[in-house]
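The values are calculated or read from the model by the stated rules, or taken from the named source; none is laboratory data. Not measured: the values here are computed from a predicted model. Every residue, glycine as well, gets a Cβ built from its backbone with ideal geometry; the counts of neighbours run over all protein chains shown.
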Amino acid sequence: EIAKAFTPGTHGSTFGGNFLATSAAKVVLKNVLSEGFLKDVEEKGEYLKEKLKKIGIDPRGKGLMIGSTLPEKINAGELAKRCLENGLIVGTAGGNTLRLVPPLIITKSQIDEGIEILSEVVKQMHID
């Protein structure tokens with residue numbers, strides 16, 4: 001069905017339009033567009049932002065795409081390294097910006113687990 005939409009020259013990448021990728025994309029779109037999915041993402045984003053505020057991180061962003069400018073004492077790269085050593089993957093954007101982009105299907109329990117790790121790392125970095 002998807003392959004029929006392509007005519008010669010309408011897609012220009014090596015893997016664009018392959019059956020596995022387009023089949024996966026179709027399932028993802030079906031789920032993302034299902035009733036309540038994006039509302040749930042927004043609610044989990046608000047939950048995560050509230051948890052971040054409680055550990056002294058001032059979040060900004062929409063849904064589950066969250067960034068935060070860290071205090072000068074905390075280097076984002078070092079924070080990311082220490083989080084990874086403790087089992088949590090976080091991103092950075094520049095020297096002092098923390099970037100969190102968890103999967104849209106993350107649970108509140110998983111958010112709590114990540115906040116626990118992040119909180120301990122932040123505490124340790126304030127002590128060092």
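Key figures for this structure:
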| item | result |
| --- | --- |
| Selection from the range 72-88 of residues that are without any contact (Cβ under 8 Å) to a residue 12 or more places away in the chain and farther than 18 Å from Gln110 by Cβ | Lys81, Glu85 |
| Matching residues in the range 117-128 - criterion: being farther than 18 Å from Gly67 by Cα and in a helix (DSSP H, G or I) | Glu120, Lys123, Gln124, Met125, His126, Ile127 |
| Matching entry among Ile111, Ile106 (being assigned to a loop (DSSP other than H, G, I, E, B), modelled with pLDDT of 95 or more, under 25 Å from Leu29 (Cβ atoms) and in contact with a Leu (Cβ under 9 Å, 6 or more places away or on another chain)) | Ile106 |
| Selected residue [farther than 30 Å from Glu120 by Cβ, aliphatic (A, V, I, L, M), modelled with pLDDT of 95 or more and in a helix (DSSP H, G or I)] from Leu84, Leu38 | Leu38 |
| Ile117 aliphatic (A, V, I, L, M), surrounded by 12 or more Cβ atoms within 10 Å (Cβ to Cβ) and at pLDDT below 95 | no |
| Check on Lys26, surrounded by 11 or more Cβ atoms within 10 Å (Cβ to Cβ) and either among the aromatic types (Phe, Trp, Tyr) or modelled with pLDDT of 95 or more (or both) | no |
